[in-house]
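Here is the structure we will look at.
Read-outs throughout are calculated quantities, based only on the coordinates presented, and are distinct from any laboratory measurement. A quick note: this is a predicted structure, and the numbers were derived from the prediction, not measured. Cβ placement follows ideal geometry from the backbone for every residue including glycine, while neighbour counts extend to all protein chains displayed.
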């Protein structure tokens with residue numbers, strides 16, 4: 001399917017949303033994330049927080065986790081290595097998908113023991129013309145909320161869809 005078909009499918013999905021249960025946040029995952037991100041200050045500080053106190057998550061923890069499960073099976077990956085969840089509505093092999101940037105806002109710090117959900121919505125699909133041909137600019141909006149519906153963070157992800 002061409003970029004035209006991808007555009008049609010995405011345009012019909014604008015406004016659609018989904019909710020993903022991320023589970024209860026825990027210190028072990030915070031520390032693993034901080035170690036992978038080379039956030040030595042966070043690790044040094046959090047390792048000394050008494051276990052009877054709830055540790056705060058690293059600032060980029062919620063938007064920084066791509067998959068909250070074990071991840072997709074290899075057979076579920078596109079030729080470019082992306083999972084369907086990474087580029088919703090783009091399942092065709094004859095397009096390339098690139099990350100076009102993020103806008104992140106933090107509203108309240110995530111804390112150990114919080115149960116968190118991610119609510120994702122496909123917001124816009126715009127067709128643009130480049131030197132190599134037409135491409136799509138797709139914006140997905142994600143809100144991270146705790147169990148009391150308190151807004152923790154919002155993320156607008158921009159995805160570029162290019163014909164091959």
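Computing Cα Rg over 2.2 N^0.38 Å directly from the structure and comparing it against [x] 1.94; [y] 1.18; [z] 1.39 singles out [y]. Take every pair of alpha-carbon atoms less than 8 Å apart whose residues are at least six positions apart; their mean separation over the length of region 1-147 yields a relative contact order of 36 percent.
If we sort 141-152, 111-122, 68-79 on the protection proxy, mean other Cβ atoms within 10 Å, highest first, what's the order? All intermediate terms of the calculation are to be shown ahead of the outcome.
Numbers: 141-152: 16.0, 111-122: 17.5, 68-79: 10.8.
Final packing ranking: 111-122, 141-152, 68-79.
Give, in nm to one decimal, the length gained when the segment between residue 148 and residue 119 is fully stretched (0.36 nm per residue of separation minus the Cα-Cα distance).
Numbers: separation 29, 0.36 × 29 = 10.44 nm, distance 1.40 nm.
Extending this stretch completely gives an extra 9.0 nm.
Computed per residue of the chain from DSSP H runs no shorter than four, each worth -39500 (n - 2.57), the mean residue ellipticity at 222 nm is -5000 deg cm²/dmol. Taking the longest Cα principal axis of the chain as reference, the axis of helix 3-13 is set at about 50 degrees. Find how much the distance from residue 48 to residue 126 grows on full extension, using 0.36 nm per residue of separation minus their present alpha carbon separation; answer in nm with one decimal. Here the answer is 23.3 nm.
Prolate is the label for region 92-164. Its Cα gyration tensor axes, ordered a ≥ b ≥ c, give a/c of at least 1.5 and a/b above b/c. Helix 27-36 and the long axis of the chain differ in direction by around 60°, with both axes built from C-alpha atoms.
Semi-axes of the equivalent ellipsoid for region 1-46, please: Cα gyration tensor eigenvalues, times 5, square-rooted, ordered largest first, whole Å.
Largest first, region 1-46 gives 40, 15, 7 Å.
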